[in-house]
Every structure is written in structure tokens, then in C-alpha cells.
Amino acid sequence: MFYESTRNNTLKHSASEAIIQGISPEGGLYVPETFPVFSLEKIADMVPMDYRQRAEEILALFLSDYPREEIRDCVNKAYREGKFDRPEIAPVHKLSENQYILELWHGPTCAFKDMALQSLPNFMEKAQKRLKADWETVILVATSGDTGKAALEGFRDVSGISILVFYPEEGVSQIQKLQMVTQEGKNLQVAAVRGNFDATQNGVKELFTDQDFVAFLEQRGYRLSSANSINWGRLVPQIVYYFSAYDDMVGEGYIDLGEKINVVVPTGNFGNILAAYYAGRMGLPIHRLICASNQNNVLTDFFREGQYNRNREFYKTISPSMDILISSNLERLLYEVAGRDNDKVKGWMEALKHQGQYHVGEEIREVLGKTFWAGYAPDEEAMETIRRIFHKHHYLMDPHTAVGQKIYEDYREATGDENKTLLVSTASPYKFTRDVAKAILGEEEVGEKDDFALNEILAQVSGMPIPAALQDLKGKPVLHTVSCQREAMRDVVMEFLQVK
Ligand SMILES: *Cc1c(COP(=O)(O)O)cnc(C)c1O
């Protein structure tokens, strides 16, 4: 299987090359030339398998230049008990007769990013060896919380790669900060930036685009890279859990083999829901894909009107991982629905860059409307949903998942669709303690209590266990104390790599 760029499909690359490069030199994203098809028989064959075996079956088709043993080795390292606190890895929870929840937060950092960031580093390490890379890759990350920790945990002690994470001093929760500053590992560092997330992210972007600095590092044997979801190696592991969830639902007797389900995804950069779309292309019986957004509703407008317009106000919400105005992975979906026409995609992306908007035309909007439905929920609705679901089902939802829940309810009301539905849950409620506690206990009860105290109370009232990875943070020593001005981020990189 070869990969081509969404903006120039004449060049073909192996999976290893696509994963090492991350993004195509002309700015396009790598996509597989074709999608392998899984028959219902094959899906049935996977019902008795565990998560790792299912992952191996699916990944082997996409990573065709990786020997089978390498893939097995990668998935065994990534998805094992001890790292994940449930043997199913990504368990399906039954909420009601019609509705099921795919919990993607049982990994080492309690965020769905683990599902991909536990395996991407292994894929990169093997690809570097295969392509005889004579450089060390340096992953630079600017994080608003979840990605940084998941990337640190994924890349820790991977050979040939080191990682440096910048987080905004005034922009992450108490638990998120502790997760990062207590991170162990020989090839990594964490630094606070005095400023907000925008300053941090712009600082990292400037490092990537500073040609002199990039050349300076290359002369010393270092290449900068990022770990965000435009990398194919981060997307492909996400296809796995959709098949796995479907197989679990068949295995439990929740659905019949071949029965079509809806999938609801709290969406930001469009990676997670795109993986569901790919699963559907491969034959997974999916009826509708429901794209849930918060107040940053650029995707809702896009699916309803065919117009993508980023020229709008940016809102900071209680579901920060969905606070996004440019959903990069949408480009991959457009490439498919535009009949793999790379000139069209290039035109839209240029328009987005220069005018901040583009229109895909009525025909494509209609095609998209057959598969996708979209909606958005502001913070108050997410808070109300957390409270209501807890009282009705005794189940704790984090704010991202609650947005998905609300949009599913809106969808059912609008369409009357009774198909069984899988809601993707992207974060542990115990990572977004304050807002979950406010929704359930009320402002007054929350008061000045710290996140650990609030988690204890939430665990008591809900009976849902606090993940050990969060509970253990309390006693861990702080290992990372570097804090810098935005202007000094470059010096932090140089000190980390010990170059002058
Ligand atoms: C990253 C993230 C999302 C958004 O996922 P995309 O693949 O970027 O659409 C949603 N919820 C949580 C908790 C996340 O960390």
C-alpha cells in the first residue's frame, strides 16, 4: 500500500516514509491510495480476538512495508494491561438500550490521545531504522494540556527520538500540570512558558519556521518534528477502535452482525471522526457520523452550508481540546468526496489560507450530508448534560463527551433515527474535575477545594473509580521546573539538546 498527498497525488510513498515525513513538502496530507475492504465475515472473525490482535489485523493492511512481527511488537508495547487499566483497552459501556459509550481514556494519561500516541512513537522508531536515518528526531509540542502528557508518555525512552513539551504557565489544570512536571524518562523535558496557550503555540510555530535555526540544528544531527494528528501514523491506530467497538457490541449481543450503527464524535481537529469515516469506507456498518462541536462551531456551519469560514470569534470553552477554528484533517475527507481531485483540494486550502474561507459547492455538500450530521452545544448545555446524565444513569461524563451526548439527543429529536448509537468518550471525567464537580455538586460545594479533593468526592457519589494514573500523581516528585519567557524558548531547546 502506497500513500499520496492530498495536494499532489503523483508522488507515492511507503508507510514508513509517510510517517517519518509527517506532512508532504507541498503542505498536503498523506492518505492511502486505496482502502482495504473488510467483509462481514472478516469482522465476525475478529469478534473473539483481543484488542491487540484486532489492531494487528487492521494495521498490517495499512503499514504494508512493516514486517508483521514489527507491527505485533508495536501493538504489544502500546496496548497492554499495566498501561491501560482495562483489559478491553477501549471498553464499550452500555448506557441504555439504544446508546453505548466507547471509553477511549483508559490509557496511561487518561485521554483519548493515548490511543494513537502509544503506537505512533513505535512506528516512527521502526521507520527511522528501516530508512537508516542518520539524525535524531526532536519532537516539539505546544500543549493546552492533554496532548503534551500523552506525547511524553508515548515517546519516553524511544530510541533515536527526543521530546520537548512547552505548556502555558497560566493555561492548564492542576492535574494536567502535575501529570507533565512529574514525567519520568531520559529523552524528554517539559518547560512552562510565561503566557497563555496562544503565546506558547506561536512560540513553537516560530521555532519550526525559523530556517536558520532549523539548519543550525540539522548541522548538529537534529531534525525537528511534531506529533500532531496530521501524521498518518497517528490517524491509523484510531481506525482500530471503531472495528474493535463494533466487534465488542456484536460479541455482547448489543447488535446483530451487519446492523448499522451511528457514531457520535466530539470533534476538534477532525482526526477521530475521520478515522470513523475510514472505518465505514472499509466496510464497517455505519449509518450516520455525527460531528459534535462546542461554541467553536465552524464544522457545524460547514456541514450545513458547504462553506468553511474561519473568520469568526474564537471561544475558550470548558471542552478545550475542541477549541479549534482550523480542523486540519477535514482536508483528507474533502480529498475523498471530491473524487481524489488534488487540484480542487489545493484550491480550497489556498483560499482558506488567504481568505480564511472556501465553499465546496452544492454537490459535495449533498454527498457529505448523506453520511454526516453536525451540531454544536455551548458550555451551559454541556454542564446541564453532565448533570442530567449523572442523575438519570449514574454515569460521569467529561465536558467533551457531554457535548457529544447533547448533539446526539438533538440528532434524535431532529431525525427520529432509532439506530443503535455509539458515543465516543474522549476524556476521563477525573481530568476535568472542576467543571464536572460544578455540574454535579454545584459551585458552592466546589469552592476552593483542590482537584484531588474534588475527585475523591466525585468518586464517592458516583462509584466510578479514579484512574490510578491520576491518583498516584499526588506523591510523585516534581522533575521539571524550567520556566521561560516566550522569547527564550529557542534557548530552552538548545540547552535541552546541549548544542551551542
Ligand atoms: C483531541 C481531543 C478531541 C478532539 O479530537 P480530534 O481528533 O482533534 O477531532 C476531543 N476530546 C478530547 C478530550 C481530546 O483530547
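The values are calculated or read from the model by the stated rules, or taken from the named source; none is laboratory data. Note that this is a predicted model, so its numbers are computed, not measured. All Cβ positions, glycine included, derive from the backbone under ideal geometry; neighbour counts span all protein chains shown.
Odds and ends about this structure:
- Members of the range 223-253 that are of a type in the set (S, T, N, Q) and part of a helix (DSSP H, G or I): 238, 244
- Residue in the range 398-408 that is within 25 Å of the chain's Cα centre (by Cα), closer than 30 Å to residue 339 by Cα and free of Cβ contacts under 8 Å to residues at least 40 places away in the same chain present: no
- From the list 404, 375, the one residue that fits, being outside any helix (DSSP H, G or I) and modelled with pLDDT of 95 or more, is 375.
- In the set (1) touching a Cys at 6+ places or on another chain (Cβ under 7 Å); (2) surrounded by fewer than 19 Cβ atoms within 10 Å (Cβ to Cβ), the condition left unmet by residue 420 is number (1).
- Residue within the range 334-352 that is in contact with a Gly (Cβ under 6 Å, 6 or more places away or on another chain) and not basic (Lys, Arg) present: no
- Scanning the range 324-338 for residues that are within 10 Å of the ligand (Cβ to nearest atom) and either surrounded by fewer than 18 Cβ atoms within 10 Å (Cβ to Cβ) or not hydrophobic (A, V, I, L, M, F, W, C) (or both) yields 327, 328, 329.
- Of the numbered criteria (1) within 16 Å of the ligand (Cβ to nearest atom); (2) closer than 20 Å to residue 120 by Cβ, the one residue 244 fails is (1).
- Hits in the range 24-45 - residues which are out of contact with any strand residue (DSSP E or B) (no Cβ under 8 Å at 6 or more places or on another chain) and farther than 27 Å from residue 285 by Cβ: 25, 27
- Each residue in the range 347-386 was checked for being small (Gly, Ala, Ser) and more than 27 Å from residue 27 (Cβ to Cβ), and 4 of them qualify.
- Every residue from the range 79-106 that is among the basic types (Lys, Arg) and under 16 Å from residue 466 (Cα atoms): 83, 86
- Test for residue 410: is it at pLDDT 95 or above, among the acidic types (Asp, Glu) and either within 16 Å of the ligand (Cβ to nearest atom) or not in a helix (DSSP H, G or I) (or both): no
- Residues located in the range 318-341, provided they are within 13 Å of the chain's Cα centre (by Cα) and hydroxyl-bearing (Ser, Thr, Tyr): 321, 327, 328
- Within the range 312-323, considering residues that are within 15 Å of residue 197 (Cα to Cα) and either assigned to a helix (DSSP H, G or I) or in contact with a helix residue (DSSP H, G or I) (Cβ under 8 Å, 6 or more places away or on another chain) (or both), the one nearest to the ligand (Cβ to nearest atom): 321
- A Cβ distance below 8 Å, combined with a sequence gap of six or more or placement on separate chains, defines the contacts here; from the range 1-20, residues that are without any contact (Cβ under 8 Å) to a residue 24 or more places away in the chain reach residues that are in a strand (DSSP E or B) and of a type in the set (Asp, Glu) in the pairs 10/4; 11/4; 12/4; 13/4.
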